[in-house]
1. Of all chymotrypsin sites (Phe, Trp or Tyr not before Pro) in the range 28-131, which ones are in loop regions per DSSP and have a Cβ with at most 14 other Cβ atoms within 10 Å?
2. Around Asp133, which amide H atoms from residues at least 5 apart in sequence, or from another chain, sit under 5 Å from its own amide H, with H modelled in the peptide plane?
3. Among bridges DSSP assigns within the range 43-196, what percent are antiparallel (round to 5)?
4. Run the numbers for Phe185 and His41: contour at 0.36 nm per residue of separation, minus the present Cα-Cα distance, in nm.
5. Give me the distance in nm between label points sitting 7 Å out from Cα along the Cα-to-Cβ direction at Lys89 and Lys120, one decimal.
6. What are the ³J(HN,Hα) values, in whole Hz, obtained from phi via the Karplus relation 6.51 cos²θ - 1.76 cosθ + 1.60 with θ = phi - 60°, for each residue of the range 186-196 in sequence order, with x given for Gly and Pro?
7. In whole Hz, with x marking every Gly and Pro, tabulate ³J(HN,Hα) for the range 143-159 from phi via Karplus 6.51 cos²θ - 1.76 cosθ + 1.60, θ = phi - 60°.
8. Take the Cα radius of gyration of the range 83-196 and divide it by 2.2 N^0.38 Å, with N its residue count; two decimals is plenty.
Amino acid sequence: MKSVATVLVFCGVFTACGLAQKDTKRNTINQEKVTGMKTLHDFKATTIDGETFDMAQLKGKKVMIVNVASRCGYTPQYKQLQELYQNYKDKGFVILGFPCNQFMGQEPGSEEEIKAFCEKNYGVTFPLFAKIDVKGSNQHPIYQWLTQKALNGVEDSEVSWNFNKYLVDENGKYVMHLKSGADPFDEKILNWLEGK
């Protein structure tokens with residue numbers, strides 16, 4: 001009888017330890033999810049010239065990510081975006097332009113055509129990337145991160161049209177989202193750039 005009781009006690013202790021160990025593992029995994037949040041610097045993208053661009057090279061820079069298009073009512077924002085880039089690039093700021101054809105087919109051109117259009121009409125010198133999807137089932141991983149609070153740790157957002165603007169700090173952390181109508185020289189953007 002004693003040996004049965006000993007076995008039962010042993011089993012009970014062993015099971016409790018096992019459960020405690022599982023809980024510890026679970027807590028560790030949950031903590032990893034919270035503390036292991038990705039930053040922009042964990043991603044790569046293809047440039048408009050077909051080269052791989054590692055976002056880790058942007059460490060220490062403030063970044064604005066914009067989904068762009070050549071035949072949109074907001075296309076003239078290219079001029080202001082280039083001005084903004086010119087004014088702040090030497091202070092550790094960069095704009096990344098991601099062409100997208102998901103809004104009324106307003107970016108139908110090839111990468112070569114898009115690049116030529118931007119250089120000829122707006123003198124764009126900030127980095128441009130290959131055409132991507134910013135929403136839907138083929139959404140680019142960077143835009144998955146930008147639009148989901150579960151991934152960026154700040155907020156959910158929706159890319160509502162061309163020229164949405166996402167701000168990311170020097171550590172690659174998500175800061176905020178501004179919709180298409182926000183002027184590139186919007187007070188929120190300037191205050192953020194100036195560290196106010």
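1. Filter output for the range 28-131: empty list.
2. Under 5 Å from the amide H of Asp133 lie the amide H atoms of His140, each far enough along the sequence or on another chain.
3. The antiparallel fraction comes to roughly 55 percent.
4. 49.3 nm
5. Here the answer is 2.1 nm between the modelled labels.
6. For the range 186-196, the Karplus curve yields 3, 4, 4, 5, 5, 4, 5, 5, 7, x, 8 Hz.
7. 6, 4, 5, 5, 9, 10, 4, 4, 9, 9, x, 10, 7, 8, 8, 10, 7
8. Here the answer is 1.09, to two decimals.
A short reminder: the numbers here are calculations on the coordinates, not readings from a lab. On a predicted model such as this, the values are computed, not experimentally measured, just so you know. Positions of Cβ are backbone-derived with ideal geometry, glycine not excepted, and every protein chain shown enters the neighbour counts.
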